[in-house]
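Working notes for the structure below.
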Amino acid sequence: MPSHEQLSELLDPATTVLLTVECQQGVVGPDSALPELAKEARSSGVLANVARLVAAAHDSGVQVVHAIAERRPDGRGANRNARLFRAAERLPVQQLSGTSAVRVAAPIEVSEEDFVVRRLHGLSPIQGTDVDPLLRNLGCRTLVVTGVSANIAIPNAVFDAVNRGYTAVVPTDAIAGVPSDYTPAMIRNTLALVATLTTTADLLACLGRRKRV
């Protein structure tokens, strides 16, 4: 992991964006469509860590972007070309546009300055969404990736960020997947090769030094 000085150099508030991935009520909330994932995100402290990072980003002037996955009630435009999508259509809780399921989940707080980017298709919070144009317009160079799931959306986000020239930073205790032992293996064997790995505590220490007055 990088030293405090190296991490601080990456986290210039003017060029850093914090991305939360699918931290929505219908995914990590009490009434999740994916209860095993929601339980892991909550019991491991991941969701609480994401909330702490968002609060610190707000205090330090780092832009926050919340990436939400949803679908229209009629399903128009949604993918059906993989088993995951077809299974999602049968879940008792649907991520329908305009419902509580697609609101950012507590304890994460959304400020007026945050962007909430909603996608109706695909696996990635970046590819084919408004996230990349927003990052470029914001002057982003470092993207901090948090949320769920370590199985699919998180590695997608990291790969897409790196392919687009951003430096991806991943606090390893602010992402979750299932089963619980999958996430550390994926981090060790995949994300470690393409992202800067750190912890919530180390990020908070860096952001705390840049707190706005």
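With all protein chains kept in place, the per residue accessible area of segment 46-123 amounts to 54 square angstrom at a probe of 1.4 angstrom.
Residue 16 exposes around 10 Å² of accessible area when a 1.4 Å probe is run over every protein chain in place.
Annotation: residue 202 carries an accessible surface of approximately 70 Å², with a 1.4 Å probe and no ligand, DNA or RNA atoms counted. Taking every protein chain into account, the 1.4 Å probe leaves residue 85 with about 30 Å² of accessible area, to the nearest ten. Our coupling estimate for segment 98-110, obtained by passing each phi through the Karplus curve with A = 6.51, B = -1.76, C = 1.60 and θ = phi - 60°, is x, 9, 5, 4, 9, 8, 4, 7, 5, x, 6, 9, 9 Hz, Gly and Pro reported as x. Per-atom-type breakdown for segment 114-168 gives carbon and sulfur 48% of the accessible area (1.4 Å probe, protein chains only). In order along segment 151-166, phi translates into HN-Hα couplings of 6, 9, 5, 5, x, 4, 5, 5, 4, 5, 5, 5, 4, 9, x, 7 Hz, rounded to whole numbers, per the Karplus curve 6.51 cos²θ - 1.76 cosθ + 1.60 with θ = phi - 60° and x for Gly and Pro. Eigen-decomposition of the gyration tensor built on the alpha-carbon atoms of segment 4-90 gives equivalent ellipsoid semi-axes of 31, 17, 11 angstrom, largest listed first. Near residue 175, the amide H atoms lying under 5 Å from its own belong to 147; only residues 5 or more places off or on other chains count, and H is placed 1.01 Å from N.
When the chain is modelled as a GNM with alpha-carbon springs shorter than 10 Å, which of 99, 20, 200 fluctuates the most? Residue with maximal mean-square fluctuation among 99, 20, 200: 99.
The values are calculated or read from the model by the stated rules, or taken from the named source; none is laboratory data. For clarity, every value in this text was computed on a predicted model and none was experimentally measured. Ligands, DNA and RNA are excluded from the accessible area calculation, which covers all protein heavy atoms including side chains. Shrake-Rupley method; radii C 1.70, N 1.55, O 1.52, S 1.80 Å.
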